[in-house]
1. Taking the Cβ-Cβ separation of Asp238 and Arg17 as r and a Förster radius of 51 Å, what is the calculated FRET efficiency to the nearest 0.05?
2. Compute the helix-to-body angle for 33-45: its Cα long axis versus the longest principal axis of the chain, expressed 0 to 90° and rounded to tens.
3. As I understand it, the value is the acute angle between the Cα axis of helix 316-332 and the longest principal axis of the Cα atoms of the chain; what does it come to in degrees, rounded to 10?
4. May I ask you to give the solvent-accessible area per residue for the range 155-246, in square angstrom, as obtained with a 1.4 angstrom probe?
5. Using 0.36 nm times the number of residues separating Glu291 and Glu105, minus their current alpha carbon distance, what extension gain do you get?
6. Which shape class applies to the range 85-168: rounded if a/c is under 1.5, otherwise prolate when a/b exceeds b/c and oblate if not, where a ≥ b ≥ c are the square roots of the Cα gyration tensor eigenvalues?
7. Determine the percent antiparallel among the DSSP beta bridges restricted to the chain, to the nearest 5.
8. So if I place +1 on the C-beta of Lys and Arg and -1 on the C-beta of Asp and Glu, and nothing else carries charge, what would the dipole magnitude of the chain be about its Cα centre? I want it in debye, nearest 20.
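The values are calculated or read from the model by the stated rules, or taken from the named source; none is laboratory data. Being a predicted model, the structure only gives us computed values, none of them experimental. In this analysis, Cβ positions are derived from the backbone assuming ideal geometry, glycine residues included, and neighbour counts consider all displayed protein chains. For the accessible areas, the whole protein counts, side chains as well, though only heavy atoms, and no ligand, DNA or RNA atoms are used. Shrake-Rupley method; radii C 1.70, N 1.55, O 1.52, S 1.80 Å.
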Amino acid sequence: MFVEQRHELILREVSERGSVRLTDLVERVGVSMVTLRRDVENLAAQGLLKRVHGGVTRVRTDLPGSPASAETPTAPATGDTGLTIGMLVPSATYYYPAVIKGAREQAAKLGARLVLGVSRYDEAEERLQVAQLVAGGGVEGLLLTTTRQPDESHGNWLAGLKVPTVLVERRAGLGGPASLLDAVASHHAHGAFLGVRHLADLGHRRVAMVTRESPTAPRVRQGFEAALRDLDLSGYADLGIDQEGPSHHQVGDVVRAVRADGVTALLVHNDEDALLLVQHLRSAGVTIPDEVSIVAYDDEVAALSDPPLTAVAPPKSAVGAHAVDLLIRRLTGPETPRQHIALLPELRPRASTRPR
């Protein structure tokens with residue numbers, strides 16, 4: 001079908017029905033969503049129809065070649081994409097509220113509607129929620145935070161998603177199908193390096209990392225170990241924490257590291273665990289920062305500790321906003337190379353670190 005024929009068919013559908021969803025037009029015109037959007041943007045720029053959330057509405061009733069209507073065409077609203085995008089996160093109570101807020105505000109700024117789902121770190125629920133967003137929710141693109149870092153088991157599923165998808169705070173391994181998706185994430189290895197360098201600049205030479213297993217932990221550990229190596233420090237990254245938080249036995253390991261092994265500083269991921277650890281260390285008689293300096297990772301609640309914790313703060317809100325930008329460019333713009341965007345965390349010094 002030629003461009004002119006498509007335009008005539010689109011305008012006829014809008015003229016007859018008053019408003020039409022883009023998903024319905026794709027099926028009716030028989031083209032891809034990308035092609036349809038280009039046609040619609042062209043017609044909207046001529047004032048022949050108006051973009052609205054998820055569809056188009058009638059502006060003037062005449063078809064190309066017919067006498068012009070006396071009705072004055074309405075110009076498309078600046079920044080009004082009319083898109084509906086889905087967002088799936090594993091939690092809406094820790095870390096991700098700021099990511100959601102950044103995405104929601106950027107979507108509103110660009111005239112897009114954001115539909116949210118939460119998987120609760122359950123992979124079966126994750127796939128169900130994605131299916132509901134794409135089919136039942138009628139989303140045209142997806143911002144997706146998988147319950148864990150994508151691996152080969154995700155590959156075919158992610159590659160088979162029927163809408164453009166941007167991974168958020170996730171990064172697929174090299175070479176797999178998921179690695180071909182756009183992605184926006186905090187550079188957690190860089191953030192961990194910043195935290196350890198801050199401690200090294202204060203004179204600490206023996207540093208340990210305390211963490212539970214999570215999708216983010218391997219990258220934090222990567223940055224920690226790189227800092228030990230590059231800054232000529234000693235220490236270890238194997239002081240683990242249970243998923244429920246530091247146990248009595250694990251706190252004992254930290255106390256021994258401080259009082260018997262000469263550790264003078266800790267990088268603790270995440271900062272909820274850092275708060276719990278501070279309380280346990282205080283009960284064990286370890287003073288902060290006199291005996292041990294602490295840098296927390298995430299900066300969700302670190303400032304509420306006693307003492308307030310120096311923390312590495314990933315740019316959570318900016319991650320959400322950049323993910324929306326990238327998805328909308330993928331949906332509306334010309335074909336461009338896939339992108340993996342890494343945003344750098346910042347260090348926020350507080351009272352839990354001091355010179356050695």
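1. Plugging the Cβ-Cβ distance into 1/(1 + (r/R0)^6) gives 0.20.
2. 60
3. 30
4. Details: 3800 Å² over 92 residues.
Averaged over the residues of the range 155-246, the accessible area is 41 Å².
5. Roughly 62.6 nm would be gained on extension.
6. oblate
7. Within the chain, antiparallel bridges account for around 20 percent of the total.
8. Dipole magnitude for the chain comes out near 580 debye.
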